[in-house]
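The values are calculated or read from the model by the stated rules, or taken from the named source; none is laboratory data. Only a predicted model underlies this, so the values are computations on that prediction, with no experimental measurement involved. Heads up, the Cβs are rebuilt from the backbone with ideal geometry, glycines too, and the neighbour counts pull from every protein chain shown.
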Amino acid sequence: MIVRIDDKDKGFGTKDEYFVILNRGCRKSDFIRAARVVAGSYAEELMERIYDCLVTYAVDIREEYQKYYSDEYPDLETFLYWKYDVDRATIAEIMENLKAGDFLGYGSVYSGGDYVIGQFTISDTGLKMVNRVFDKLQEADGEDQN
């Protein structure tokens, strides 16, 4: 799941930063398979670039919190609020969707240097498409546990 960060209340428009929630066991190949694209196609290449943009270059928030900030902040929610300036509604959305073993990443859609993919990913159309792929991954993960 992708949670885009909005700063509209501060007058800046939409930021280019996001949070990603993903099962830690999910690999790029799982993401590609969930996207249901044809192997060797341009769509597969795009999905690889999107995965890299969203996951590969993201900061592992839980690791950062545990390693550097757990003594300073009593919990992950407080850390997100004070360190990342995330509003309470976004924190609630993140925590509602975050499971114990999930990866919680934070990044900029431009951190990998792929401006086109970054622009597409934060667009309404791109965000819906990527979240559908994440939904498919979550469904597959639920089936694996049964």
Original post:
Any chance the range 80-92 includes a residue that's under 19 Å from ASN131 (Cα atoms) and in contact with a Phe, Trp or Tyr (Cβ under 9 Å, 6 or more places away or on another chain)?
Top reply: yes
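The rows are residues; the columns are (1) of a type in the set (Asp, Glu); (2) surrounded by 11 or more Cβ atoms within 10 Å (Cβ to Cβ); (3) farther than 21 Å from PHE79 by Cβ; (4) at pLDDT 85 or above.
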{"position": "MET1", "(1), (2), (3), (4)": "no, yes, no, no"}
{"position": "ASP6", "(1), (2), (3), (4)": "yes, yes, no, no"}
{"position": "THR14", "(1), (2), (3), (4)": "no, yes, yes, no"}
{"position": "LYS28", "(1), (2), (3), (4)": "no, yes, yes, yes"}
{"position": "ALA34", "(1), (2), (3), (4)": "no, yes, yes, yes"}
Original post:
Within the range 89-119, can you find the residues that are crowded, with 17+ Cβ neighbours inside 10 Å, out of contact with any Cys (no Cβ under 9 Å at 6 or more places or on another chain) and of a type in the set (A, V, I, L, M, F, W, C)?
Top reply: ILE91, ILE94, LEU98, LEU104
Original post:
Going through the range 100-123 one residue at a time, which ones are in a loop (DSSP other than H, G, I, E, B), touching a residue at least 60 places away in the same chain (Cβ under 8 Å) and of a type outside the set (D, E, K, R)?
Top reply: GLY101, VAL109, TYR110, GLY112
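Check VAL55, VAL59 and return the single one that is crowded, with 17+ Cβ neighbours inside 10 Å and under 16 Å from ILE2 (Cα atoms).
Values: VAL59 fails: crowded, with 17+ Cβ neighbours inside 10 Å.
Exactly one residue qualifies, and that residue is VAL55.
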**OP:** Could you grab the pairs with beta carbons closer than 7 Å, sequence gap of 6+ or different chains, first residue in the range 43-72 and at pLDDT 90 or above, second one in a loop (DSSP other than H, G, I, E, B) and loosely packed, with under 14 Cβ neighbours inside 10 Å?
**Re:** GLU44/VAL38
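Among the residues of the range 87-101 satisfying the criterion of being among the hydrophobic types (A, V, I, L, M, F, W, C) and at pLDDT 90 or above, which is farthest from LEU76 (Cα to Cα)? Lay out the reasoning, then the answer.
First pass over the range 87-101, keeping only residues among the hydrophobic types (A, V, I, L, M, F, W, C): 89, 91-92, 94-95, 98, 100.
So of that shortlist, the ones also at pLDDT 90 or above come out as 89, 91-92, 94-95, 98.
Working: ALA89: 14, ILE91: 9, ALA92: 11, ILE94: 11, MET95: 9, LEU98: 11 Å.
Here the answer is ALA89.
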**OP:** Considering (1) closer than 17 Å to ILE2 by Cα; (2) touching a helix residue (DSSP H, G or I) at 6+ places or on another chain (Cβ under 7 Å); (3) buried (at least 17 other Cβ atoms within 10 Å of the Cβ), say which one ILE122 fails and leave the rest.
**Re:** (2)
Subject >> helices (runs of 4 or more DSSP H) contained entirely in the range 21-99, each with at least 1 residues that are more than 26 Å from VAL116 (Cβ to Cβ) and out of contact with any Lys or Arg (no Cβ under 9 Å at 6 or more places or on another chain) >> reply: 61-64, 76-83, 88-97
